[in-house]
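First the structure, in the form of structure tokens, and then the observations on it.
The values are calculated or read from the model by the stated rules, or taken from the named source; none is laboratory data. Remember, it's a predicted structure, so these values are computed and weren't measured experimentally. Virtual Cβ from ideal backbone geometry, glycine too; neighbours counted across all protein chains shown. Heads up: the accessible areas ignore ligands, DNA and RNA and are worked out on the full protein's heavy atoms, side chains in. Shrake-Rupley method; radii C 1.70, N 1.55, O 1.52, S 1.80 Å.
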Amino acid sequence: MNALPTTMRGVQLIGHGGMEMLKVSTDLPVPTPGPGDVLIRVSAAGVNNTDINTRIGWYSKHDNDAADASWTGEPLALPRIQGADVCGHVVAVGHGVDLSRIGQRVLVEPCLREAGGQLRSPPWYFGSECDGGFAEFTVVASRHAHAINSPLTDVELASFPCSYSTAENMLTRSQVAPGERVLITGASGGVGSAAIQLAKTRGAYVVAVSTPSKTPALRALGADEVIPRDAVLTNSIGANSIDVVIDLVAGPQWPQYLDVLRPGGRYAVSGAIAGPIVELDVRTLYLKDLSLFGCTVLGPDVFAALVQRIEHGQIAPVVALRFPLEQICDAQRVFLEKKHVGKIVLNIREDAQ
């Protein structure tokens, strides 16, 4: 095997703020796998809301203070290589890891219960509390590098880890069952488009909320109905008509999501792109016996179940656009325009397919 390089290309987040905080470098040190780790040569990495939210300090609950602007609420160590969605190949292993892992194509589970040689509680997040995949090489605990056997390309596979595991976790937590009616907000984004497919694999009836121009694409993914984002939901689909809401948006429309839930309904949330502060009439919550699930930490079996769904061809990648690593700012600008359906992926290896 050829000797590994000592330096690599990569993008570092050097502070909280605008695009100027993303620094493209060609001489970053290649990380060394510690005990229990694998070193991955990254082929492709997806772009996510969390990359931008972390950059701008959105997770902070204190104005003008980014000290808690991370998933865990702890100060983020900068500079940081972001990138939670990774497909690549294992090229080296640390002490205690079987050498047979070298050469495996892997997807990285972004919710890390083990990182830096230690168990983490709460979990760390790949590309947030530790360096991620916006570089040619990355290190992760072997348990979080899942071997994948699939005819899909590396770019297609890189569209899965973060968005699809988030959607799978939300549907698992809310116990979506065959025949149930599921409302999905932000349905054209990475998590939303994943949730449509994963809900359909469970035999659910899917009502997607998005812009009308995206209706054909969402129906092609399996949505049974598509409702405009500005619709009054109780008029469009009726009060007490939905079993489960999968919410990625929150914002001013939030009270309607509880209004359309049936008594005993379930609400799961993992995003708030329309605004994190919402109005809750507690009477709606208790009089309708609703269950609310905040979903960040993946269940222990969620990612392995997702890999199986990919290998069995139950779900399909939705890659909207791809950019070279050096054009990460362009990729984030296009991402923020929200005109696409599915995922935007960065080619880390120039020959990634």
(message) If the only charges are +1 at each Lys and Arg Cβ and -1 at each Asp and Glu Cβ, what is the size of the charge dipole of the chain around the Cα centre, to the nearest 20 debye?
(response) 560 debye
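Please list 80, 173 in order of solvent-accessible area, largest first, computed with a 1.4 Å probe with all protein chains present.
The ordering from most to least exposed comes out as 173, 80.
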(request) Report, in whole Å, the centroid distance computed from the Cα atoms of the stretch 2-56 and the stretch 223-288. (result) 37 Å
(request) May I ask you to give the percent of accessible area on the chain that is carbon plus sulfur, with a probe radius of 1.4 Å? (result) 52 percent
(request) Pop out the ³J(HN,Hα) list for the stretch 246-263 in order, Karplus 6.51 cos²θ - 1.76 cosθ + 1.60 with θ = phi - 60°, rounded to Hz; leave Gly and Pro as x. (result) 9, 10, 10, 10, 6, x, x, 7, 3, x, 5, 5, 7, 4, 7, 6, 6, x
(request) Report the one residue of 184, 31, 82 whose Cα lies farthest in the direction of the positive end of the charge dipole of the chain (charges on C-beta: Lys and Arg +1, Asp and Glu -1; origin at the Cα centre). (result) 184
(message) Can you find, among 194, 159, 240, the residue sitting farthest towards the positive end of the charge dipole of the chain, where Lys and Arg contribute +1 and Asp and Glu -1 at Cβ?
(response) 240
(request) Over every pair of different alpha-carbon atoms in the chain, take the mean of 1/r and invert it; report that Kirkwood radius in Å. (result) 20.6 Å
(request) Please figure out what share of the DSSP beta bridges in the chain is antiparallel and state it in percent, rounded to the nearest 5. (result) 55 percent
(message) Leaving ligands and nucleic acids out of the surface, order 279, 74, 311 by accessible area at 1.4 Å, largest first.
(response) 279, 74, 311
(request) For the chain, report the accessible area per residue in Å² (1.4 Å probe, heavy atoms, rounded to an integer). (result) 42 Å²
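To the nearest 20 Debye, how big is the dipole of the stretch 180-256 about its Cα centre, given +1 on the beta carbon of each Lys and Arg and -1 on that of each Asp and Glu?
Values: 6 positive and 6 negative charges, 39 e Å.
Its charge dipole is roughly 180 debye.
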(request) For every other residue with a beta carbon closer than 14 angstrom to the beta carbon of residue 114, add +1 if it is Lys or Arg and -1 if Asp or Glu, then tell me the sum. (result) 0
(request) Lys and Arg at +1, Asp and Glu at -1: add these up for the other residues within a Cβ distance under 14 Å of residue 177 and post the number. (result) +4
(request) For the stretch 43-184, give the magnitude of the charge dipole about the Cα centre (Cβ charges: +1 Lys/Arg, -1 Asp/Glu; no others), in debye to the nearest 20. (result) 260 debye
(message) Starting from the 7 Å offset along Cα-to-Cβ, what nm value, one decimal, do you get for the label separation of residue 101 and residue 282?
(response) 4.8 nm
(request) Quick one: how many lysine pairs does the chain have with C-alpha atoms less than 29 Å apart and a gap of 8 or more or different chains? Give me the count, please. (result) 15
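Show 26, 296, 153, 50 ordered by accessible area, largest first, where the area counts protein heavy atoms only and the probe is 1.4 Å.
On the way: 26 105, 296 70, 153 45, 50 20 Å².
I get 26, 296, 153, 50, largest accessible area first.
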(message) Are there any GluC sites (Glu not before Pro) in the stretch 313-353 that are in a DSSP loop and have at most 13 other Cβ atoms within 10 Å? List them by number.
(response) 350
(message) Just to confirm a number: summing +1 for Lys and Arg and -1 for Asp and Glu over residues other than residue 254 whose beta-carbon lies under 12 angstrom from that of residue 254, what do you get?
(response) -4
